[in-house]
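J.: Have a look at this one before I ask anything.
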Amino acid sequence: MDPIFLTIAGGLALALLGGLGLWLLRAGRGDRQRLTAHLDEQRRHSLELAGRLAQMAENTSAQQGQLAEALQRQERELAKRLEDRLADLNRRIGDTLTRNQESTQTTMTDLKERLAVIDAAQKNITDLSSQVVGLQDILSNKQARGAFGEIQLNDLVSGVLPPNAYALQASLSNGRRADCLLLLPNPPGAIVIDSKFPLESYRALTEARDDETRAAARKQLGADIQTHVKAIAERYILPGETAESALMFLPSEAIYAELHASLPQVVDESFRRRVWIVSPTTMMATLNTVRAVLKDVRMREQAHIIQREMYALLEDISRLDQRVDKLQSHFGQAEKDLREIRISTDKVAKRGGRIQELDIGDEIGAGALEDGKVMRLADRGGA
């Protein structure tokens with residue numbers, strides 16, 4: 001029981017009793033009896049109240065103990081839950097940090113690789129820029145530009161045809177030198193390929209800013225190509241020495257496309273003069289056709305050799321057939337001899353069996369042997 005609670009209850013009872021005693025001293029006799037009875041009643045109620053208060057104090061103390069135990073238990077459970085949640089949270093945070101670290105490392109690795117690719121691309125761009133500048137310097141010079149076209153032509157021809165199928169910088173009977181001479185048999189004969197690169201007029205066409213300038217530049221491009229076509233027809237189409245046509249090689253697909261798209265009259269003029277204008281792409285197709293023609297020619301040149309070898313092969317087959325027939329006849333004779341040998345061995349075996357059938361006993365005398373057995377042997381021998 002709580003001591004503070006008992007002290008408070010006792011104080012209240014004493015104050016009540018003191019007040020009642022003081023009132024009894026002042027009251028009359030009759031009233032004093034009633035008051036005494038009332039006081040006794042009040043004392044009894046006070047004792048009951050004190051008992052109840054004591055019981056309530058005990059109950060309160062027990063409840064406080066239960067509450068304290070429950071609070072401790074809840075505190076322990078809450079602490080365990082907090083520990084579990086903190087452990088789970090730490091684990092999740094650790095996993096998240098690990099994944100983030102791995103993702104960061106992967107991202108950094110990819111970033112390094114991409115930066116390396118970008119650096120390599122930047123280096124290639126720098127090298128390409130320097131090469132473009134060098135190419136512009138080359139193309140700005142007419143002789144260097146001609147050498148560029150010849151080198152490209154040389155690479156195409158050497159990559160498709162065998163070395164004995166063409167000649168570079170070949171001299172002709174008129175003193176001219178061809179960039180490339182395709183050594184084809186008659187017909188059609190050797191075909192000259194001349195490389196031309198009309199860059200100035202084409203550059204003027206691409207750099208034109210208005211229709212009038214563009215039309216003038218296109219006209220100049222057509223005039224330059226017609227001049228080259230005429231020169232090739234006069235210099236490199238030689239009756240009896242070269243074929244009846246020649247090839248003009250343009251080392252630029254762009255110029256070739258512009259020519260066929262905007263200058264069809266120039267293309268018609270080249271057809272009339274039997275000068276075929278080709279680009280790197282069409283040149284490759286032409287060279288593949290030439291290679292097929294050369295292969296067909298070689299096959300025809302070797303046809304008589306193949307025919308002679310076929311005749312010799314047929315003769316060998318005929319002799320082989322005769323020898324097989326002879327071998328077959330030998331096998332037949334050997335088979336016949338084997339059959340006759342088999343017959344002879346069978347006769348020998350039969351005669352040996354007959355000899356074994358002879359029953360020569362001790363009780364038979366010499367006369368009986370001569371009269372009986374010898375006679376049977378004689379008969380069987382005759383058989």
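The values are calculated or read from the model by the stated rules, or taken from the named source; none is laboratory data. Bear in mind that the values here come from a model prediction, so they are computed numbers and not experimental data. Neighbour counts run over all protein chains shown; Cβ positions are idealised from the backbone, glycine included.
J.: What are the residues in segment 211-243 that are more than 50 Å from the chain's Cα centre (by Cα) and in a loop (DSSP other than H, G, I, E, B), if any?
T.: Ile237, Leu238, Pro239, Gly240, Glu241
J.: Among the residues of segment 244-259, write down those that are touching a helix residue (DSSP H, G or I) at 6+ places or on another chain (Cβ under 8 Å) and part of a loop (DSSP other than H, G, I, E, B).
T.: Residues satisfying the conditions are Leu250, Pro251, Ser252.
J.: Tell me yes or no: at least one residue of segment 157-166 is exposed (fewer than 11 other Cβ atoms within 10 Å of the Cβ) and over 23 Å from Glu301 (Cβ atoms).
T.: yes
J.: State all residues of segment 119-173 that are at pLDDT 85 or above and either outside the structural domain of Ile191 (by TED's automatic domain parsing) or acidic (Asp, Glu) (or both); if no residue qualifies, say none.
T.: Correct list: Asp155 only.
J.: Which of (1) acidic (Asp, Glu); (2) exposed (fewer than 15 other Cβ atoms within 10 Å of the Cβ); (3) in contact with a Lys or Arg (Cβ under 9 Å, 6 or more places away or on another chain); (4) not in a loop (DSSP other than H, G, I, E, B) is the odd one out, the single condition Glu269 does not satisfy?
T.: With (1) acidic (Asp, Glu); (2) exposed (fewer than 15 other Cβ atoms within 10 Å of the Cβ); (3) in contact with a Lys or Arg (Cβ under 9 Å, 6 or more places away or on another chain); (4) not in a loop (DSSP other than H, G, I, E, B) applied to Glu269, the lone miss is (2).
J.: Can I ask one more? Answer yes or no as to whether Lys326 is of a type in the set (D, E, K, R) and in the same structural domain as Leu156 (by TED's automatic domain parsing). Steps first, answer last, please.
T.: Values: of a type in the set (D, E, K, R): yes; in the same structural domain as Leu156 (by TED's automatic domain parsing): no.
No: the conditions fail for Lys326.
J.: Identify, from the list Ala57, Ala68, Ala87, Ala62, the residue that is part of a helix (DSSP H, G or I), surrounded by 10 or more Cβ atoms within 10 Å (Cβ to Cβ) and in contact (Cβ under 8 Å) with a residue 24 or more places away in the chain.
T.: Ala57
J.: What are the residues in segment 168-201 that are over 17 Å from Val297 (Cβ atoms) and under 43 Å from the mean Cα position of the chain (by Cα), if any?
T.: Across segment 168-201, the qualifying residues are Leu168, Cys180, Ile193, Ser195, Lys196, Phe197, Leu199.
J.: Only one of these conditions is not met by Glu301: (1) surrounded by 10 or more Cβ atoms within 10 Å (Cβ to Cβ); (2) closer than 30 Å to Pro187 by Cβ; (3) at pLDDT 75 or above. Which number is it?
T.: Here Glu301 clears every test but (3).
Table: residues versus (1) charged (D, E, K, R); (2) surrounded by fewer than 19 Cβ atoms within 10 Å (Cβ to Cβ); (3) touching a residue at least 60 places away in the same chain (Cβ under 8 Å).
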site: Gly189; (1), (2), (3): no, yes, no
site: Tyr236; (1), (2), (3): no, no, yes
site: Ser262; (1), (2), (3): no, yes, no
site: Arg274; (1), (2), (3): yes, yes, no
